[in-house]
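Structure, as structure tokens:
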Amino acid sequence: MRAITVTPGIAESARLEEVPEPPPSDGAIVARTMALGVCGTDREILSGVYGFAPPGEQRLVLGHESLGVVEAAPPGCGFAPGDLVVGIVRRPDPEPCPACAVGEWDMCRNGRYTERGIKERHGYGAERFRIEPDFAVKVDPALGVLGVLLEPASILAKAWDHTERIGHRARAFEPRSLLVTGAGPIGLLAALMGVQRGLAVHVYDHNKGGPKEALTRELGGSYHSDPESLRRLSPDILIECTGVPAVIRDCLGATGPAGITCLTGVTEPGKHFDLDIGEINRTTVLNNDCVFGTVNANRRHYEMAADSLARADKRWLARLITRRVPLERFDEALDHRKGDIKVIVEFAQ
Ligand SMILES: [Zn+2]
């Protein structure tokens, strides 16, 4: 079968090549790949700065935003041929740490977890993949190819889960407004989940007009492209999805009283700013504010995300996917182009 592979650590090493069928040790479910989403992590791996091949191998099958159709599954495992399925990305560390031991590998303490398509395990960017039933998530068949949005949505389901757990430190937790910074796929999915919770949703992005603004307005949200809005809105919850240091700086202390700021973007170190730490600390303490970071997702978050996508407007979700590229031209999907929101690679059916 064909697979998109890379040599981690070597820039621009991606190619489509023949690889062996996935081994039974990858899991009892066999799925035929329908689509693969591409994100910033894939581009980082492609540029040679991140990613690890499985032990003893040179090349890594790329891809962690999966969607497949089950071809074979053992009886009684909860999956049957024809089901749409998404594979969970992370696997618990072999130790396991206290978090992995209770199924919260997203909170792994020792960093020895592995990840499909990223860290020491082959990804889902092949014509077929295998997966363990415990790491497979069923997708509403009505979603069709939109099921490929499940993995990015799981990241936001976790962000919301933790935001709400923090919120409930106060018995009167009753958020009314949300500000999302960044209107890429992660930001727009954060906004969708805010609308599903009945919040007044604001989205900030430096792009003026265009599909990001239209998608925000169609959700019923307000769109802002002036950085001043970050200081003016005073939201109860702020979800930062740009990973841009200057935006993150403006988010600190920007929530209303008892506000919660959730950071989801991964930044390169090395940007320095003059910050009035006294002012930020004073605001944070006097307002009972909380700023926290979140990454990855566990099984419960994938299930929450599957529920959220099943309840979303399919036409709206479809517009998040701005380019669909056939497997033979996968390299075009790895380019970041102006106007891209989510780009996917489609596999022949
Ligand atoms: Zn662990």
Output for segment 38-90, where each listed residue is among the small types (G, A, S), open to solvent by 40 Å² or more (accessible area, probe 1.4 Å) and over 17 Å from K119 (Cβ atoms): A72, G76, G78, A80, G82
Residue pairs qualifying under the 7 Å Cβ cut-off, at least six apart or on distinct chains, with the first in segment 106-120 being open to solvent by 10 Å² or more (accessible area, probe 1.4 Å) and the second being of a type in the set (S, T, Y) and within 13 Å of the ligand (Cβ to nearest atom), are E120/T114
Go through segment 235-256 and report how many residues are open to solvent by 10 Å² or more (accessible area, probe 1.4 Å) and either among the aliphatic types (A, V, I, L, M) or touching a Phe, Trp or Tyr at 6+ places or on another chain (Cβ under 6 Å) (or both). 6
Strands (runs of 3 or more DSSP E) enclosed by segment 64-142 - at least 1 residues per element that are within 16 Å of the ligand (Cβ to nearest atom): 114-116
Only one of R232, R197 is surrounded by fewer than 22 Cβ atoms within 10 Å (Cβ to Cβ) and within 20 Å of the chain's Cα centre (by Cα). Can you tell me which? R197
Does segment 91-105 hold any residues that are in contact (Cβ under 8 Å) with a residue 60 or more places away in the chain and either surrounded by fewer than 18 Cβ atoms within 10 Å (Cβ to Cβ) or farther than 22 Å from D42 by Cβ (or both), and which are they? G103, E104
In the set I10, I29, I45, which member is without any contact (Cβ under 8 Å) to a residue 60 or more places away in the chain and among the aliphatic types (A, V, I, L, M)? I10
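So that you can scan it fast, the table gives a plain yes or no per residue for (1) within 25 Å of L215 (Cβ to Cβ); (2) free of Cβ contacts under 8 Å to residues at least 60 places away in the same chain:
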{"site": "A246", "(1), (2)": "yes, yes"}
{"site": "C251", "(1), (2)": "yes, no"}
{"site": "N281", "(1), (2)": "no, yes"}
{"site": "N287", "(1), (2)": "no, yes"}
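The values are calculated or read from the model by the stated rules, or taken from the named source; none is laboratory data. Since this is a predicted model, take the numbers as computed values, not measurements. No Cβ is skipped: glycine too gets one built from the backbone with ideal geometry, and neighbour counts run over all protein chains shown. Note: accessible area is taken over every heavy atom of the protein model, side chains too, but ligands, DNA and RNA are not part of it. Shrake-Rupley method; radii C 1.70, N 1.55, O 1.52, S 1.80 Å.
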